[in-house]
1. Of (1) out of contact with any helix residue (DSSP H, G or I) (no Cβ under 6 Å at 6 or more places or on another chain); (2) open to solvent by 90 Å² or more (accessible area, probe 1.4 Å); (3) modelled with pLDDT of 85 or more, Arg195 satisfies all except one. Which?
2. Tell me, which residue of the range 62-81 that is part of a loop (DSSP other than H, G, I, E, B) and either open to solvent by 50 Å² or more (accessible area, probe 1.4 Å) or of a type in the set (Lys, Arg) (or both) is farthest from Val261 (Cα to Cα)?
3. Only residues that are part of a helix (DSSP H, G or I) and not acidic (Asp, Glu): list them for the range 152-161, please.
4. Quick check: is even one residue across the range 659-682 out of contact with any Phe, Trp or Tyr (no Cβ under 7 Å at 6 or more places or on another chain), in a loop (DSSP other than H, G, I, E, B), among the acidic types (Asp, Glu) and more than 18 Å from Arg799 (Cα to Cα)?
5. Taking the condition part of a helix (DSSP H, G or I), surrounded by 18 or more Cβ atoms within 10 Å (Cβ to Cβ), among the aliphatic types (A, V, I, L, M) and in contact with a Ser or Thr (Cβ under 9 Å, 6 or more places away or on another chain), does Leu51 pass?
6. When you look at Glu135, is it surrounded by fewer than 13 Cβ atoms within 10 Å (Cβ to Cβ), under 27 Å from Thr103 (Cα atoms) and charged (D, E, K, R), yes or no?
7. Is it the case that Ser45 is farther than 16 Å from Tyr272 by Cα, open to solvent by 40 Å² or more (accessible area, probe 1.4 Å), without any contact (Cβ under 8 Å) to a residue 12 or more places away in the chain and among the hydroxyl-bearing types (Ser, Thr, Tyr)?
8. Across the range 634-670, which residue is farthest from Asp732 (Cα to Cα) among those that are touching an Asp or Glu at 6+ places or on another chain (Cβ under 8 Å) and modelled with pLDDT under 60?
Amino acid sequence: MENTKFAGAVRTLEFDKIRERLAHFAPTEGSKALARSLMPVTSASVVKKLLAETDAAYSCLASKGMPPFGGVSDITDAVMRAERDASLTLPELLAVARILSATRALKDYNSFDHKDEVTALDDYFFRLVPQKHLEDEINSAIIGPETLADTASDELYNIRRKMRAAENRVRENLQKYVTGGTYAKYLQDQIITMRDGRYVIPVKLEYKNEIKGLVHDTSASGSTLFVEPMCVVETNNEIRVLEGKEKDEIERIIAILSAKVGAVAGVVKADYEIITDLAFIFAKAQLSFSYNGMSPEITKEKGLFLKSARHPLLPKETVVPITVSLGKEFDTLIITGPNTGGKTVTLKTLGLFALMTQAGLHIPASDGSTMCVLDEILADIGDEQSIEQSLSTFSSHMVKIVDILGGVSEHSLVLFDELGAGTDPIEGAALATAIIEAVREKNALIAATTHYVELKSFAMDTEGVCNASCEFDVETLRPTYKLIIGTPGKSNAFAISGKLGLPKEILERAERFVSGEDKRFERVIDKLEHERIKMEKSRSEADILLSEMTEKKKTSDDEAEKLLEEAKRELDKAREQARRMVEAAKASSEFIFAELEKAKKQKDKENLAVTLEETRKAIRAHLKENSDEIDPVFKTEMGDYKLPRPLKTGDGVIVVDLNKKGEVVSAPDNRGNVMVRVGNATMKLSSSRLMLIDGKTVICKEKEKKTTISLYKERAVESFAPQLDLRGKYGDEACEMVDKYIDDALRVGVKTIRIVHGKGTGVLRRRITEFLKTDKRVLSVRIGEWGEGDTGVSIAELR
């Protein structure tokens, strides 16, 4: 039953058309009925609940699509009969099975990708109770609206098997008459047909005595008799008996299924009602998708604010959004402007959006829109007006206004279209002003359209009353439909008439009839309009600048945040590495002291030399194992960089592993290695770890902030000597110096080292060569060639 408070507004504001659109999206007959009877409610808590349900359905549609509602129909009467032990028909049982199937499918839909947060639809899905066993039993027994499956019971299967066998025997016997040469000439047609449920053949009247049997029918012309030959009478009787048994068995099976439905009648009815409610809610969500709707915020304060509101019955391609407020800064809005300019559309948008919101429907507006809950919406907007056809009629009915004045309250929204029109302008303006004042005394919200100058002046002079206007482009004679709050509009009658061809002298004569006060008022409006346009232009430019600056600030803040995060990560990394270095160095020093203590205890023994050698090897092995912790070496990634051309002597390069500039002093060898001078050191490096400085662009990063580790690396590079001079040193001491020199070379990225041991007796050279060959860090070792120092120098390639 419709809420009579809103009955008039439903028709006037075309809410009935919204309901028809909603019914179009409803997937079931029950939900279509709910859509066509939808009415607004006046409880704020109920409105919030309805909107929350629509919000939840909207989110489900966006993430999972439309739930499966297909084939659901009203089974309430059938289930109630089953509850009273009546047998249902096969179509009714199939309808129950569809309800059970939809219940189970909706349960599965809700459980799929279900989020942890609670939604307004959870209770609906929770209350659904699937009956899969009964669903499967009905679907397996019934294969069509008029047919039970043979497997519905063992008895039915046996009966039908016997029936088919009997029918085959009858056909075989009758086929002899149809195809046999003796009897074929007696038949009117070579066919086997049925009369009264029995198999017969068509016999010509003149041969009726040639075929013995029972006559069951005669053709319309009387020339054909339908005869059941005596040879099949007994078998046909058997078939009739089996048909009776089949009917009894079908009734028994249907009665059993109906009883099972009756046993869960309450559950099935409840499931149907829940499915209908869900289908109705999801229809609301689909309607919202059709016009890109949103859920307005429901406020306790009396008033509304619609941001970029679009009337849902106007074409989406042409509708012009309006932004309008009412109730906060002012409770009365006087809208002026030319005919067909959008004034009535604004009134209907205000009223229709209030009805839609209180019915739990989304409104086509932008985020930030707010609505209050109204007790009544009273509208006087002419006769048979249709926004869809962009037609406006401006007629008022005093009878309607009298009814409005009798029913208005402080929680009402009152809409007047062309208030006071249709009578003497002076009296009409006075009457309109008095009616607005009377409604304002009831503290209601008011929106009214008018052409009267007196109402424009009333709005300018009265607190709580605001002017608004609908723009009109005089050049094109077309309305822009843009609503401007705070500025009264002009009817532009003279300008429009002139554009349409009214003679200039008539227009000038008409202007002389306009009073001086009215002219001054129109000039004030013109001036206000020009100032408004200038202000809007300035504000638009300011908004653009503000948007650009906001975007730049956001980008800058994001970059600063990113740099801070990166710096923090680097600092944490350096601190962790330093901690590990200290711990490793401490552990290594403790190990060294322990080994030295062992050696000290062995000093008086004969195997002192052996013990010292073992101690040195143990210390060296320990230091090698912990070298990454004590002395970390970081390898710089080059990405996809490749040398643009082969290197040549004199090229400036970046040594990537050192992040230092150097100069190529020799062309690449057959392995791609080149000699590079970095500071005072000359080293052999792989071309793949060099980046060319081509004279135009230095392909390297800006020097980053140095950490303790990077400073340590740079000092190591600067102190690294191009060769190691061992002359005058002895075996063990020389080996320890070579071991440290290899570590230094690897640290700074040098792959080829030069060790000077002198020629002498060759003992030191052999000891050094033996040491290098057993060191896993050394790839190869050779005696220096002529020009490199000959046999007094060893050259080692490092891994």
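1. (2)
2. Taking the candidates together, the pick is Met66.
3. Result: Ala152, Leu156, Tyr157, Asn158, Ile159, Arg160, Arg161.
4. Taking every residue of the range 659-682 in turn, none turns out to be out of contact with any Phe, Trp or Tyr (no Cβ under 7 Å at 6 or more places or on another chain), in a loop (DSSP other than H, G, I, E, B), among the acidic types (Asp, Glu) and more than 18 Å from Arg799 (Cα to Cα).
5. Details: part of a helix (DSSP H, G or I): yes; surrounded by 18 or more Cβ atoms within 10 Å (Cβ to Cβ): yes; among the aliphatic types (A, V, I, L, M): yes; in contact with a Ser or Thr (Cβ under 9 Å, 6 or more places away or on another chain): yes.
For Leu51, the condition - part of a helix (DSSP H, G or I), surrounded by 18 or more Cβ atoms within 10 Å (Cβ to Cβ), among the aliphatic types (A, V, I, L, M) and in contact with a Ser or Thr (Cβ under 9 Å, 6 or more places away or on another chain) - is met.
6. Here the answer is no, as Glu135 does not meet what is asked.
7. yes
8. Thr636
The values are calculated or read from the model by the stated rules, or taken from the named source; none is laboratory data. Everything quoted here is computed from the prediction, not taken from an experiment. Quick reminder, even Gly has a Cβ in these numbers, built from the backbone with ideal geometry, and neighbours come from all protein chains shown. Areas reflect the complete protein model, heavy atoms only, side chains present, ligands, DNA and RNA absent. Shrake-Rupley method; radii C 1.70, N 1.55, O 1.52, S 1.80 Å.
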